[in-house]
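The values are calculated or read from the model by the stated rules, or taken from the named source; none is laboratory data. Note that the structure is a prediction, hence the values are computed from the model and not measured. Methodologically, a virtual Cβ is constructed for each residue, glycine included, from the backbone with ideal geometry; neighbour enumeration extends over all protein chains shown. Quick note on the areas: whole protein, heavy atoms, side chains included, nothing else; ligands and nucleic acids left out. Shrake-Rupley method; radii C 1.70, N 1.55, O 1.52, S 1.80 Å.
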Amino acid sequence: MCTAIFMKLQLDKTDGLNTFTAYGEGYVCVNGVRHNCNLAVLPDRLLPNWTKATFETLSVADLEVLAALDAEIILLGTGNRLRFPAPNLLRPLARAQKGLEVMDLPAACRTYNVLMGEGRKVAVGLLLV
């Protein structure tokens, strides 16, 4: 005889917090609002156009913006496919002692929602262009 035990992985209440409600080719929706530009998202605020860069033109200054955010964990969504930034670009995050996870856009959106729902101090920078 098996007994099933269920564990809840996300909080029910995320009222007033930024949550990804959809994503697709070149866009994300946060709380039902569509965004087509690069975007940084924290539970309590949005930074539209946090960078004008593409993955290929990403700079140290772009990651300095993410390192300065009030977050313990930084996610970087690199578009439709997973790509790792050059190690020299990651220096601002290392100096700020911030964790960084690099993933494709869908995984970054899902991971952000889970971490935010757990009450974690998380931010995500998404490259949509």
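Structure summary
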| quantity | calculated |
| --- | --- |
| Mean ellipticity per residue at 222 nm, deg cm²/dmol - from DSSP H runs of n ≥ 4 across the chain, formula -39500 (n - 2.57) | -5500 deg cm²/dmol |
| Answer label, with Cα extents along the principal axes in Å calculated from the coordinates and candidates (1) 56, 31, 28; (2) 38, 33, 24; (3) 37, 27, 22 | (1) |
| In order through the stretch 108-123: 3J(HN,Hα) via Karplus (6.51 cos²θ - 1.76 cosθ + 1.60), integer Hz, x for Gly, Pro | 5, 5, 5, 5, 4, 4, 5, 5, 5, x, 7, x, 6, 8, 10, 9 |
| Net length gained if the chain between A61 and F84 were fully extended (0.36 nm per residue, minus Cα distance) | 6.6 nm |
| Relative packing of 65-76, 28-39, which averages over residues the other C-beta atoms within 10 Å, highest first | 65-76, 28-39 |
| Within the chain: Cβ-based charge dipole about Cα centre, in debye rounded to nearest 20 (Lys, Arg +1; Asp, Glu -1) | 100 debye |
| Mean accessible surface per residue for the stretch 21-88, computed with a 1.4 Å probe while every protein chain stays in place, in Å² | 50 Å² |
| Accessible carbon and sulfur surface of the stretch 70-129 relative to its total accessible area, %, 1.4 Å | 51 percent |
